[in-house]
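This report refers to the structure that appears directly beneath it.
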Amino acid sequence: MEKLACFTVVKPQGIKGELKAKILADGLSSVKSIKTLYDDNGNAFKVKTVKDAFGGFAFIALDSVVTRNDAELFRGVTFYAEKSQIAKNKNDFFIADLLGLKVMVSSEPFGTVKDVVQSNVDMFEIELLSGKKAYFPFLKTLDIKIDLENSTLSVEKSKLDGVIFYED
């Protein structure tokens, strides 16, 4: 069972053991129905509620955390969930699924996806066949084709030329 990081606890919230946590997924909608969370040691925690705390944060209530003192022990803890519990739209991808894809530009081998740098416009970090790095944005206008079954990401050179930049 593959697990993905979903939350990092910032601090306790209130006196009943709620946790305020930074959402590490796309947003509240992708994590609000999670039933079980796991810490770095693989310990499982049953989730009672996940509520919006705004600004990319959530309030999480766990069955076994009932006081502020209990909650204090989780400060800085990263929680993971089974990939199957994390909701995503049909045309969305988990970053973990994109890492390692072979990049094809106009059907020619180009490199490998090493990272997806998240910001206002997500950027693919590509390790080129030469060992150097290049970056290009995840834009609809590029008409990027992602084929997880064949582990490829394809784009046409003519569309990529105006937006790609290379690291020295």
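Going by amide H atoms built from the backbone, whose H comes under 5 Å of the H on residue 152, apart from near neighbours?
Under 5 Å from the amide H of residue 152: 102, 147.
Counting helices only, and only those DSSP H runs with n ≥ 4, report the 222 nm mean residue ellipticity of the chain as the sum of -39,500 (n - 2.57) divided by its residues, in deg cm²/dmol to the nearest 500.
Rounded to the nearest 500, it is -1500 deg cm²/dmol.
Kindly put 18, 167, 127 in sequence by how many other C-beta atoms sit within 10 Å of each C-beta, fewest to most.
With the fewest neighbours first, 18, 167, 127 line up as 167, 127, 18.
Students often get this wrong, so try it: which of (i) 11, 39, 35, 14, 1; (ii) 10, 27, 18, 11, 11, 10, 8, 4, 1; (iii) 10, 34, 24, 20, 11, 2 is P(r) over Cα pairs in 10 Å bins from 0, in percent as calculated from the structure shown?
Answer label, from the structure shown: (iii).
In sequence order, what are the phi-derived ³J(HN,Hα) couplings for region 25-35 according to the Karplus relation 6.51 cos²θ - 1.76 cosθ + 1.60 with θ = phi - 60°, rounded to whole Hz, with x for glycine and proline?
These are the phi-based 3J(HN,Hα) values: 9, 4, x, 4, 4, 7, 10, 5, 9, 5, 9 Hz.
Run through region 84-141 and list the trypsin sites (Lys or Arg not before Pro) located in a DSSP loop whose Cβ has at most 16 other Cβ atoms within 10 Å.
Passing sites in region 84-141 are 88, 90, 132.
Can you list the HN-Hα couplings for region 52-62, worked out from phi with the Karplus curve (6.51, -1.76, 1.60; θ = phi - 60°), rounded to whole Hz and with x for Gly and Pro?
These are the phi-based 3J(HN,Hα) values: 5, 10, 6, x, x, 10, 9, 9, 10, 10, 10 Hz.
Stretch residue 5-residue 139 to full length: gain in nm at 0.36 nm per residue minus the Cα-Cα span?
Length gained, residue 5 through residue 139: 45.8 nm.
For residue 6, which sequence-distant residues (separation of 5 or more, or a different chain) have an amide H within less than 5 Å of its own amide H, given hydrogens modelled in the peptide plane?
When sequence neighbours closer than 5 places are left aside, the close amide H contacts are 79, 80, 81.
Which entries in the list 3/48; 35/90; 11/88; 32/102; 3/133 go over 31 Å, if you measure between the two C-alpha atoms of each?
Numbers: 3/48 19 Å; 35/90 21 Å; 11/88 27 Å; 32/102 33 Å; 3/133 28 Å.
Check vs 31 Å cut-off fails for 32/102.
Check residue 115: other-chain or 5+ apart residues with amide H under 5 Å from its amide H, H built from backbone geometry?
Long-range HN contacts for residue 115: 125.
Rule-based calculations on the coordinates, nothing more; no lab input. None of the values given here were measured: they were computed from a predicted structure. Every residue, glycine among them, receives a Cβ derived from its backbone with ideal geometry; neighbour counts consider all protein chains shown.
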